[in-house]
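These notes concern the structure reproduced below.
Values quoted throughout were computed directly from the atomic coordinates according to the rules given, and no laboratory measurement underlies them. Here the structure is a predicted model, which means the values were calculated and not measured. FYI the Cβ positions are ideal-geometry reconstructions off the backbone, even for glycines, and counts take in every protein chain you see.
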Amino acid sequence: MNTVTVSNEYQIVIPKEIGDAVGVQPGTRLEVLSYDKKIILVPIRPMRSMKGAFKGINTEIEREEDRI
């Protein structure tokens, strides 16, 4: 189990193996969220990195006859 300690300035150090596993590198911006007394760190990715993320998704939408 990886643990971190919060400094006097509320700073933490992300363990290298965790950072490597999620693709966090020095300089990566993280969004900080709180949910149900938990702290969640989400890497902010550029939109360009999303290219192809939904490849092969079914985009057909069933519409009612009066909506065509």
From the C-alpha gyration tensor of the chain, square roots of 5λ in Å = 39, 17, 11
ask   = Helix-derived [θ] at 222 nm for the chain: sum -39500 (n - 2.57) over DSSP H runs of at least 4, divide by residue count, nearest 500?
value = -2500 deg cm²/dmol
task = Report the net charge of residues surrounding G23, where surrounding means a beta-carbon distance below 15 angstrom and charges are Lys +1, Arg +1, Asp -1, Glu -1.
result = +1
remark   = Taking the dipole of the chain about the Cα centre (Lys, Arg +1; Asp, Glu -1; charges at Cβ), the one of M50, N8, V32 that reaches farthest to the positive side is N8
remark   = For the range 45-62, in residue order, the Karplus 3J(HN,Hα) values (coefficients 6.51, -1.76, 1.60; θ = phi - 60°; whole Hz; Gly and Pro = x) are 9, x, 4, 4, 6, 7, 4, x, 5, 10, 4, x, 6, 6, 9, 6, 10, 6
note = Out of K16, K51, K37, a Gaussian network model of the chain with alpha-carbon springs under 10 Å gives the largest mean-square fluctuation to K37
query = Can you list the lysines whose alpha carbon sits under 24 Å from that of K38, skipping same-chain ones fewer than 8 residues off?
reply = K16
